[in-house]
Amino acid sequence: GETPALRRGGTRHWPGSGPVPLGDDLLTGPVDGELELAGSWSALEGRVALDAPLIAVAGSGPLTRVGGALGAVARLAFAEGDLRVETLDLHLGELLDLTASGAVRGGGRLDAWLAGEGTLDTLGLGLEATLTSTNLSWLERLELGLRRTGGRLTASVAVAGTAAAPELTGLAQVRDGMLRAGSAPPVEELDLDLVLDAKQVTLAQLTASV
């Protein structure tokens, strides 16, 4: 039959959204939104602005182990069945910052997800993302066998492929790094460059003192 028309607009405030599962983590907190949506569930048109400055994290997943509240700002646009990420900013306390923009092909086909037919294979990715961390001490909390860690991480990548099988290209760098695993002597003054090329990772530079 004919897909019903959709029209949503105005300001929304969800004071206690969640808990939303994200792997083994649960996210709960207030979300403010500005909606201007039209079209249909199969061809959504319009824009969404979301602000969630303080999302509590609980559970047993990596976000809970790292610690710190999650904050998010998103500016999204829908057109011709696709989702355009104009701005996505995520931060985990003062430990991690992620910014991204680009397109998710098929991300506006909400009818497929509502019918239970949507899969990650149906979402094509064309994103640019930057990840920064000015203090890598949070790695100690991820059950990696590391006693002490430190340093700075920056990564700039392009994300292609699908949500089920993403392909990353770009560069990840660690500067002034330090780590100690078990009873081994510490590795200090670590400088590391990793080049990502789709499904291959190349070690381009590694210097350290032991």
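The values are calculated or read from the model by the stated rules, or taken from the named source; none is laboratory data. As the structure is a prediction and not an experimental result, all values here were calculated from the model. Virtual Cβ from ideal backbone geometry, glycine too; neighbours counted across all protein chains shown. Accessible surface is based on the protein model in full, side chains and every heavy atom, while ligands, DNA and RNA are left aside. Shrake-Rupley method; radii C 1.70, N 1.55, O 1.52, S 1.80 Å.
Over the chain, dividing the summed -39,500 (n - 2.57) contributions of all DSSP H runs of at least 4 residues by the number of residues returns a 222 nm mean residue ellipticity of -1000 deg cm²/dmol.
In this Cβ point-charge picture (+1 for Lys and Arg, -1 for Asp and Glu), the chain has a dipole of about 340 debye about its Cα centre.
Note that the chain presents 57 Å² accessible area per residue, ligands and nucleic acids not counted, probe 1.4 Å. Placing unit charges on the Cβ atoms only, positive for Lys and Arg and negative for Asp and Glu, gives the range 105-210 a dipole magnitude near 240 debye about its Cα centre.
With all projection directions averaged, the alpha carbon convex hull of the chain covers 12.8 nm². Kindly provide the Kirkwood hydrodynamic radius of the range 36-120 in Å, to one decimal, from all pairs of distinct alpha carbon atoms. About 14.3 Å for the range 36-120. Computed as a quarter of the hull surface, the mean projected area of the alpha carbon convex hull for the range 83-139 stands at 5.2 nm². With contacts taken as Cα pairs under 8 Å at a separation of at least 6 residues, the chain carries a relative contact order of 11 percent.
Here the accessible area is traced with a 1.4 Å probe on the protein chains. For the chain, carbon and sulfur cover 58 percent of it.
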